[in-house]
Structure formats: C-alpha cells, structure tokens
Amino acid sequence: MKDPLWIWQQPNWPHFSWQAEALSPLLRACSQALGRLLGMLGAVDSDAEAQSSLNAMLQNIVTSSAIEGEQLNVGSVRSSLARRLGLSEEGRTTSRSEGLAELLLDATHAHRQPLDEQRLFTWHRWLFPTDVPLLARPLHIGALRGEEPMQVVSGRIDQPTVHVEAPPRAGLETQLADFLAWFENSRRDASLDPFLRAGIAHFWFITLHPFEDGNGRLTRAITDLALAQGEQQAIRFYALSASILDDRAGYYRILEASQKGTLDITAWLQWFLATLLNSLEQALARIDRVLVKARFWQAHRSKALSAEQIKVLNRLLDGGEKGFENGISASQYQAVAKVSKATATRHLSDLVEKGCLARLPGGGRSTRYQLQHSANAQS
C-alpha cells in the first residue's frame with residue numbers, strides 16, 4: 001500500500017503526538033516571559049497600558065494581513081480599534097477596517113464564548129465585507145469552500161508543484177465539527193499546556209483550510225482566541241502575527257514539511273513556541289521602553305522645556321528604528337524639531353545643562369547626544 005502523502009491521510013488523523021521533553025524548555029521560557037510581561041504591566045499607568053494594548057492589536061491585524069500579501073490602511077484600522085476600546089483617536093474608518101477590528105476583538109474580548117461553526121462564519125463575513133471588491137472571482141462568504149481541490153501550488157501550469165493539499169470537500173463538515181468539539185473540550189484539559197493547545201489549534205485548522213479564502217487570518221484569530229483563553233484575559237500586549245511575518249518563509253516551510261509528515265508534530269510545535277517566545281520578548285522590550293519613558297519624565301517633571309525639546313526627547317525615549325540608538329546630532333535635532341541650526345545647538349546645550357541629555361565623546365559636527373538616565377540627574 002502506498003504511504004500517505006498528506007498528514008490528514010494518516011490512519012489515526014487527527015490524533016497528534018509530540019515529544020514533551022523537546023518542548024519543555026520552550027514552554028518554560030514562554031511561561032516565564034509571559035509572567036514577566038504581566039508583572040511589568042502592573043507598573044504601567046492605565047493610559048500607557050491602553051495604548052500598549054491598542055498598538056499590539058493594531059500590529060497583529062496589520063501583520064496578519066501582510067502575511068497574506070495584503071497591505072492595510074493602518075490609520076483606518078487604528079481608528080476602528082480605538083473606537084471600540086473607548087480611546088480618543090481621529091481618523092476615517094472603512095468597512096474593511098471595521099470588520100478586522102470586530103474580528104480580533106471578538107476573538108480576544110469574547111474569549112469565554114464557545115467557538116462554533118456560526119461564529120466562524122461570522123468571522124469570515126467580517127473578513128470579506130460585501131462592499132469591498134477583494135477578488136476577481138466570486139467567493140463563498142460565510143460558508144465552507146466548494147468542491148474544487150484546495151491546494152497551494154507553484155511552478156509551471158503544466159508541471160505544478162503541490163506544496164499543501166487540504167482534505168477533500170466531502171466530509172469537511174464532520175472534520176470541522178471534530179476540531180470545534182476538541183477546541184471547546186480542551187479548554188478544560190488541565191494536562192494540556194495552553195501554549196501547546198494554541199499551537200495544535202493553529203496547525204489543525206490551517207490543515208483543514210475550510211474556506212475558499214481567509215484561512216490563514218482565521219487560523220491566527222483562533223490562535224489569539226486560544227492564547228486569550230489560556231491567559232484568561234482579553235487585553236493583548238503582544239502580536240504573534242508580527243513574529244510570524246518576521247519569519248514568513250520559515251512559517252510556510254514548517255507548515256509544508258509538517259503537512260507531509262507524521263502525526264508527531266514536535267517540529268511544528270517547536271517552531272510555534274519559538275515564534276511565540278519571540279513575540280513575548282518583543283513585547284517585553286516595548287513595555288520596558290514605556291517604563292523607562294515614565295521614569296524619565298517623572299525625574300524631569302520640574303524642568304522647563306520647550307515643545308521642540310519634549311518632541312525630540314520622546315523620539316529618543318520611544319526607541320525603535322527612528323529612536324537614534326547611537327545618539328542624536330545637532331543636524332538630526334534640527335530635522336526632527338524643525339528649528340534652525342543655531343536653535344538646535346542651543347536646545348541641545350540646554351538639555352545637557354538640565355541633565356536630560358549627555359554629550360558623547362567627540363567634537364565638532366560629529367558631536368552626538370544621548371539620554372541621561374542617571375538617578376542623579378539635576379533637578
């Protein structure tokens with residue numbers, strides 16, 4: 001008898017197995033990182049916490065679509081999220097941004113509600129609002145896919161390479177019902193680590209590929225739901241989709257390898273947990289910057305600073321790609337603050353005198369300045 005090509009053709013599908021010892025270090029690291037993240041958030045004020053959550057959810061939506069090659073209007077999505085979170089944000093929304101915000105918030109804020117077929121169909125309709133012409137061909141919206149084989153292929157039309165093939169349409173209702181029953185029952189399985197449950201749910205649903213389009217985004221929404229259920233909280237501070245996007249090639253590579261493998265999905269779970277850990281560590285770095293920023297302004301709250309000086313200091317404190325990690329020069333200050341060269345030099349000297357900035361070694365045009373975080377900063 002010919003060996004099965006796809007994992008769903010295995011005799012015991014979908015009874016997955018994994019090597020617990022190989023996964024335990026990653027599970028410990030994820031649990032510790034999540035604990036540190038939640039602990040650090042206790043030191044953040046409510047406004048900063050709300051903004052951190054908004055930013056994480058925005059990043060999750062935008063990057064989940066980017067994985068599929070879709071570029072969203074970030075401002076519209078942010079406005080749709082902010083309005084639902086009760087935050088004051090100006091900006092126009094679209095039916096697309098409204099649907100995506102509704103989907104993520106339903107997956108996370110309504111994490112206590114059961115996931116059933118009708119809820120999935122509602123999510124699918126939010127993904128594809130009828131007034132947005134996303135596809136050239138008609139799409140079954142809010143319904144399971146049609147009879148055509150669901151394949152991911154590449155190469156020449158006459159000699160295609162099939163990377164992934166989903167189970168056939170016949171019996172799909174039963175397969176989906178089995179997944180949904182497991183998803184609900186596994187919430188109460190104390191022997192199953194919540195992170196593993198999220199990884200299994202991700203792999204199982206993406207394998208089924210029950211819809212004509214949107215399966216990847218729905219899979220990541222289900223993963224967010226599983227993580228929210230495991231943490232027993234709706235507020236999100238990390239964006240798993242962003243870390244998946246960072247290794248999109250690796251994501252598709254491990255999915256394809258696992259689809260053609262056995263029911264032992266250890267390799268997939270290792271990749272999933274490592275990616276989850278990366279997203280948690282990125283969130284820790286962001287929250288750390290929030291705390292550093294809060295401590296800095298607390299230390300310098302009595303200083304008389306101009307609006308331009310405050311703008312530049314906030315850019316330095318926010319870090320990231322535009323944070324001038326190697327310090328800021330007078331010309332860069334001039335560009336950010338939109339002031340003259342003479343004003344930039346005067347502002348920088350004033351910030352050094354007030355203990356907000358420290359002058360780095362070097363002189364002339366190469367002189368750079370960095371934040372002064374010393375507890376002994378002048379008051």
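Has region 259-267 got at least one residue that is closer than 18 Å to SER53 by Cβ and in contact with a helix residue (DSSP H, G or I) (Cβ under 8 Å, 6 or more places away or on another chain)?
No, the conditions are met nowhere in region 259-267.
Given ALA221, ALA228, ALA234, which one is in contact (Cβ under 8 Å) with a residue 40 or more places away in the chain, of a type in the set (A, V, I, L, M) and not in a helix (DSSP H, G or I)?
It is ALA234.
How about region 38-148: which helices (runs of 4 or more DSSP H) wholly inside it have at least 1 residues that are among the aliphatic types (A, V, I, L, M) and at pLDDT below 90?
Here the list reads 46-67, 74-85.
Out of (1) open to solvent by 20 Å² or more (accessible area, probe 1.4 Å); (2) over 30 Å from TRP6 (Cβ atoms), what's the single condition that is false for GLU165?
(2)
Go through region 340-359 and give me each residue that's touching a strand residue (DSSP E or B) at 6+ places or on another chain (Cβ under 7 Å), over 14 Å from GLU308 (Cβ atoms) and in a helix (DSSP H, G or I).
VAL352 - this is the single residue of region 340-359 that is touching a strand residue (DSSP E or B) at 6+ places or on another chain (Cβ under 7 Å), over 14 Å from GLU308 (Cβ atoms) and in a helix (DSSP H, G or I).
How many residues, within region 262-305, are farther than 22 Å from SER24 by Cα, open to solvent by 20 Å² or more (accessible area, probe 1.4 Å) and not in a helix (DSSP H, G or I)?
Residues that pass the stated criteria total 5.
Could you please let me know if ALA257 is farther than 22 Å from GLY42 by Cα, in a helix (DSSP H, G or I) and free of Cβ contacts under 8 Å to residues at least 12 places away in the same chain?
Yes, satisfied.
Name every residue in region 98-122 that is open to solvent by 30 Å² or more (accessible area, probe 1.4 Å) and polar (S, T, N, Q), in order of residue number.
Result: GLN113, GLN118, THR122.
State all residues of region 203-215 that are open to solvent by 10 Å² or more (accessible area, probe 1.4 Å) and assigned to a helix (DSSP H, G or I); if no residue qualifies, say none.
Taking region 203-215 as the starting set, the residues that turn out to be open to solvent by 10 Å² or more (accessible area, probe 1.4 Å) are 204, 206, 209, 212-213.
TRP204, ILE206 - these are the residues of region 203-215 that are open to solvent by 10 Å² or more (accessible area, probe 1.4 Å) and assigned to a helix (DSSP H, G or I).
Check whether at least one residue in region 194-202 is free of Cβ contacts under 8 Å to residues at least 40 places away in the same chain, of a type outside the set (A, V, I, L, M, F, W, C), open to solvent by less than 20 Å² (accessible area, probe 1.4 Å) and closer than 15 Å to SER279 by Cα, and report yes or no.
No: zero hits.
Considering each residue of region 297-313, count those that are within 32 Å of the chain's Cα centre (by Cα) and modelled with pLDDT of 90 or more, and give that number.
Of the residues in region 297-313, 4 are within 32 Å of the chain's Cα centre (by Cα) and modelled with pLDDT of 90 or more.
When residues of region 235-252 are filtered for being open to solvent by less than 20 Å² (accessible area, probe 1.4 Å) and under 16 Å from LEU58 (Cα atoms), how many remain? Full working, then the answer.
Taking region 235-252 first, the residues open to solvent by less than 20 Å² (accessible area, probe 1.4 Å) are 236-244, 250-251.
When the remaining residues are screened for being under 16 Å from LEU58 (Cα atoms), the result is 236-244.
Number of matching residues: 9.
From the residues in region 306-323 that are in contact (Cβ under 8 Å) with a residue 24 or more places away in the chain, of a type outside the set (A, V, I, L, M) and buried (at least 17 other Cβ atoms within 10 Å of the Cβ), which one is nearest to GLY199 (Cα to Cα)?
Among residues in region 306-323 that are in contact (Cβ under 8 Å) with a residue 24 or more places away in the chain, of a type outside the set (A, V, I, L, M) and buried (at least 17 other Cβ atoms within 10 Å of the Cβ), the one nearest to GLY199 (Cα to Cα) is GLY319.
Within region 279-318, track down each residue that is closer than 17 Å to LEU37 by Cβ, in contact with a helix residue (DSSP H, G or I) (Cβ under 8 Å, 6 or more places away or on another chain) and not basic (Lys, Arg).
SER279, LEU280, GLU281, GLN282, ALA283, LEU284, ILE287, ASP288, VAL290, LEU291, VAL292, ALA294
Can you tell me which residues in region 65-84 are under 19 Å from ARG220 (Cβ atoms) and small (Gly, Ala, Ser)?
Within region 65-84, SER65, ALA66, GLY69, SER80 meet the criteria.
Can you find even one residue in region 175-198 that is small (Gly, Ala, Ser) and at positive phi?
Within region 175-198, the first condition is being small (Gly, Ala, Ser), and the residues that meet it are 177, 181, 186, 190-191, 198.
Filter once more, keeping what is at positive phi: none.
Within region 175-198, not a single residue is small (Gly, Ala, Ser) and at positive phi.
The values are calculated or read from the model by the stated rules, or taken from the named source; none is laboratory data. Because the structure is a prediction, the values reported are computed rather than measured. So basically every Cβ, Gly included, is an ideal-geometry build from the backbone, and we count neighbours across all protein chains shown. Calculation scope for accessible area: heavy atoms of the full protein, side chains included, ligands and nucleic acids excluded. Shrake-Rupley method; radii C 1.70, N 1.55, O 1.52, S 1.80 Å.
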